[in-house]
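Here is the structure we will look at.
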Protein chains: 2
Amino acid sequence: MKIALDAMGSDTRPVPDVDGAVQAAREFGITVILVGDQDKIKTELAKYDTRGLDLPIVHAAGEIAMTEHVDAVKAKKDASMNVAVRMVKQKEADAIVTMGNSGAAMAAALFGLGRIRGIERPALGSAYPTAKGRCFLLDIGVNTEVKPEYLYQFAIMGAAYAQRVMGLASPRVALLSVGEEEGKGPLIVREAYALLKQNRQINFVGNVEGKDVPRGEADVVVSDGYAGNIVIKLSEGLAETLVGFIKAEIKKRPVAIAGAALAKPAFDALKTKLDYAEFGGGILLGVDGVTIIGHGRSNAKAIKNAIRVGKQAVEGNMLDAIRKGL
Amino acid sequence: MKIALDAMGSDTRPVPDVDGAVQAAREFGITVILVGDQDKIKTELAKYDTRGLDLPIVHAAGEIAMTEHVDAVKAKKDASMNVAVRMVKQKEADAIVTMGNSGAAMAAALFGLGRIRGIERPALGSAYPTAKGRCFLLDIGVNTEVKPEYLYQFAIMGAAYAQRVMGLASPRVALLSVGEEEGKGPLIVREAYALLKQNRQINFVGNVEGKDVPRGEADVVVSDGYAGNIVIKLSEGLAETLVGFIKAEIKKRPVAIAGAALAKPAFDALKTKLDYAEFGGGILLGVDGVTIIGHGRSNAKAIKNAIRVGKQAVEGNMLDAIRKGL
């Protein structure tokens with residue numbers, strides 16, 4: 001198993017990238033190929049005890065800034081994410097993992113790997129913490145406009161992910177809508193419902209509403225990238241706002257301060273539950289190669305977990321499951 | 001000031017409806033006309049000391065069940081919500097307030113009052129608690145499909161509400177999208193952006209993302225009814241899930257249980273902040289009459305507050321503000 005890591009990906013590249021790679025190589029016993037500026041990577045790698053670990057470096061002279069336009073992907077052939085993608089294309093690596101510019105990373109993967117035959121639009125998916133564990137949400141921002149067929153394909157790809165990466169035998173797949181009944185929601189959602197109802201391979205459970213997502217009423221929640229992006233970002237903002245509100249209220253009350261100190265482990269557990277670093281990166285589904293795209297602000301743990309997701313997708317033959325599902 | 005209350009609205013009609021009406025009449029010194037089954041209302045009203053309060057009863061023989069199709073609005077001319085709407089149409093009341101079947105209530109108001117000239121689609125709006133107080137969100141579920149012009153009109157109506165009901169001199173109006181920049185989001189949102197940018201009367205602050213809504217980065221957040229419905233319901237489910245998670249974690253730890261007891265006032269403050277009953281009902285904007293539509297599960301306090309919102313909209317001449325904004 002070889003994962004090509006774009007070591008020039010994160011905001012503080014290559015510091016957490018190399019750290020995460022070292023952790024992943026040690027913990028998972030896999031090869032993590034560090035793609036990027038070899039001098040910077042070597043300097044960083046020297047800080048760790050890497051005996052017995054397989055961490056080859058592949059030099060890439062260029063890199064793409066977070067602020068750069070996606071056009072940079074075509075202009076900079078030697079950018080680290082392009083080089084990493086090419087390694088997957090040429091079977092020198094099994095998956096690419098990057099914390100770089102998301103738009104550029106998606107373009108690099110799409111241009112470099114192409115789409116899986118039958119897939120009209122790739123979608124970005126992400127794990128989402130729920131009351132019952134986690135669900136998988138897609139699309140979270142690539143396709144702000146969709147057709148019913150796209151949603152149908154997102155559902156197939158999401159089911160493949162849930163089976164092969166999350167390890168669920170029969171994941172409950174749902175469409176995000178404004179009501180549970182079949183006739184609810186925008187025309188596109190209603191038409192996607194009709195398509196999914198006819199698919200006997202997928203455990204399609206119908207529509208879920210916004211409240212059902214955090215409650216964990218589905219394992220795979222399918223929507224356009226506009227709604228999915230709002231779900232992800234609203235959840236982030238709301239969790240932060242609620243915890244901030246409770247803390248502010250506690251500070252107003254001396255007795256509550258003492259109480260909060262005692263209750264702290266419970267809040268810490270919540271923090272862990274919601275911690276982005278725990279569930280790694282987003283995954284670009286529909287391109288012909290396993291492609292993990294995480295936040296630029298990822299720490300080493302998040303990068304290690306993003307590599308873990310890539311490894312699981314390869315081991316679970318997720319791409320085959322998508323092909324079979326179509 | 002006369003508010004026509006559909007006394008046969010809530011799930012446990014007319015119990016909380018009459019209770020809320022009595023509270024509103026006392027607290028606000030206004031006339032609340034109780035529309036519905038006169039025997040049931042009289043029986044309920046007899047439980048209160050209503051001396052000095054103006055609570056006339058207007059009999060309506062029919063009522064529309066929560067499960068009934070909107071067609072019932074046309075079939076049941078004598079349904080309490082239809083009678084209440086007619087009172088507003090005939091200037092016998094200044095506003096209608098109902099906790100009944102939302103779809104039916106919207107249809108009743110639309111058929112009975114008509115649209116404000118220039119408004120293509122009415123929208124349902126709701127207050128939303130934020131870190132900075134409250135914002136106003138619309139549409140939250142009527143129009144799952146929109147055109148840029150609808151969003152533009154929603155913005156004008158939302159601004160009128162924020163000015164005349166929330167009392168904000170220059171409310172910050174924003175479009176909900178996937179990024180703050182002008183070019184972000186679905187085509188419809190981008191076109192609405194272009195329209196709003198040209199409006200000099202509205203304090204249009206551009207796009208907000210999902211995370212900005214609970215943070216209170218805008219006073220009026222405009223979206224289609226699909227996204228707005230997801231925001232409202234996701235927030236409800238997520239707040240419940242997060243608080244449930246914290247409580248479960250606390251129960252696992254004896255020390256934390258003691259802490260939680262001390263921290264309880266802080267949690268109670270959060271509960272109050274998020275309590276639907278505190279901010280009353282939704283408001284249907286764009287029909288030619290003030291129309292408040294609350295949850296069927298509203299308690300007396302929620303109904304009293306829904307009446308308060310109706311009163312404020314009348315006092316603030318909200319309909320005029322909408323007409324002037326167009």
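Computed from the coordinates by the stated procedures, all read-outs in this text should not be read as laboratory data. Given the structure is predicted, the values throughout are model-derived calculations rather than measurements. Cβ coordinates were reconstructed from backbone atoms using ideal geometry, including for glycine residues, and neighbour counts include every protein chain displayed.
Counts of other chain beta carbons within 10 angstrom of each beta carbon in peptide B:217-225 average 1. Sorted shortest first, the distances from the B:Ala46 label point to those of the same residue in the other copies are 9.3 nm; each point sits 7 Å from Cα along Cα-to-Cβ.
In terms of its C-alpha gyration tensor, chain A comes out oblate, because a/c is 1.5 or above while a/b does not outweigh b/c. The H on the amide N of A:Cys135, modeled in the peptide plane, is under 5 Å from the matching H of A:Tyr128, A:Thr130, each at least 5 residues off or on a different chain. Here B:Lys74 is the anchor, and the aspartates and glutamates within straight C-alpha reach of less than 13 Å, apart from those fewer than 8 places off in the same chain, are B:Glu63. What sits nearest the axis between copies B and A, counting only chain B Cβ atoms, is the residue and whole-Å distance B:Gly259, 2. Placing a label point 7 Å from the Cα of A:Ala194 along the Cα-to-Cβ direction, the distances to the matching points in the other copies come to 3.1 nm, shortest first.
For peptide A:250-262, the mean count of partner chain Cβ atoms within 10 Å of a residue's Cβ comes to 6. Please identify which residues in region A:73-102 have an amide N closer than 15 Å to a label point set 7 Å out from the Cα of A:Phe28, following the Cα→Cβ vector. Residues A:88, A:93-99 qualify, since their backbone N sits under 15 Å from the label point. When you filter the trypsin sites (Lys or Arg not before Pro) in region B:146-204 for DSSP loop state and at most 13 other Cβ atoms inside 10 Å of their Cβ, you are left with B:Arg200. Relative to the current alpha-carbon distance between A:Ser170 and A:Asn317, full extension at 0.36 nm per residue lengthens the span by 51.3 nm. Inter-copy label distances at B:Arg115, using a point 7 Å along Cα-to-Cβ, come to 3.6 nm with the shortest given first. One decimal place: the segment A:Lys147-A:Lys252 gains 32.7 nm when fully extended, by the rule 0.36 nm per residue minus the C-alpha distance.
For the set A:Lys184/B:Lys311; A:Lys47/A:Lys233; A:Lys42/A:Lys273; A:Lys247/B:Lys252; A:Lys273/B:Lys132; B:Lys233/B:Lys304, the pairs lying more than 28 angstrom apart at their alpha carbons are A:Lys184/B:Lys311; A:Lys47/A:Lys233; A:Lys42/A:Lys273. Using DSSP H assignments, which helices in chain B have an axial alpha-carbon span of 27 Å or above and a mean Kyte-Doolittle hydropathy of 0.5 or higher? Those that pass (Cα extent of 27 Å or more, hydropathy at least 0.5) are B:225-251, B:254-274. Couplings for region A:132-145, taken from phi via the Karplus curve 6.51 cos²θ - 1.76 cosθ + 1.60 with θ = phi - 60°, read 9, x, 9, 10, 10, 10, 8, 7, 10, x, 7, 10, 6, 10 Hz in order; Gly and Pro are left as x. Taking amide H as placed 1.01 Å from N in the peptide plane, B:Gly282 has its amide H under 5 Å from the amide H of B:Ile293, B:Gly294, B:His295, each at least 5 places away in sequence or on another chain.
Using a Gaussian network model of chain A with C-alpha springs under 10 Å, which one of A:Gly167, A:Gly179, A:Gly259 is most mobile by mean-square fluctuation? Result: A:Gly259 has the largest fluctuation of those listed. Legend: mean number of C-beta atoms from other chains within 10 angstrom of residue C-beta atoms, peptide B:129-138, equals 2. Using a cut-off of 12 Å between beta-carbons, work out the net charge of the residues near A:Tyr226 (Lys and Arg +1, Asp and Glu -1, A:Tyr226 not included). My count for the surroundings of A:Tyr226 gives -2.
Residues whose amide H lies under 5 Å from that of A:Asp37, counting only those 5 or more places away or on a different chain, are A:Ala60; hydrogens are built 1.01 Å from N in the peptide plane. In a Gaussian network model over chain A where Cα atoms closer than 10 Å are linked, find which of A:Pro14, A:Pro265, A:Pro214 has the largest mean-square fluctuation. Result: A:Pro265 has the largest fluctuation of those listed. Where both bridge residues fall in chain A, DSSP classifies roughly 30% of the beta bridges as antiparallel.
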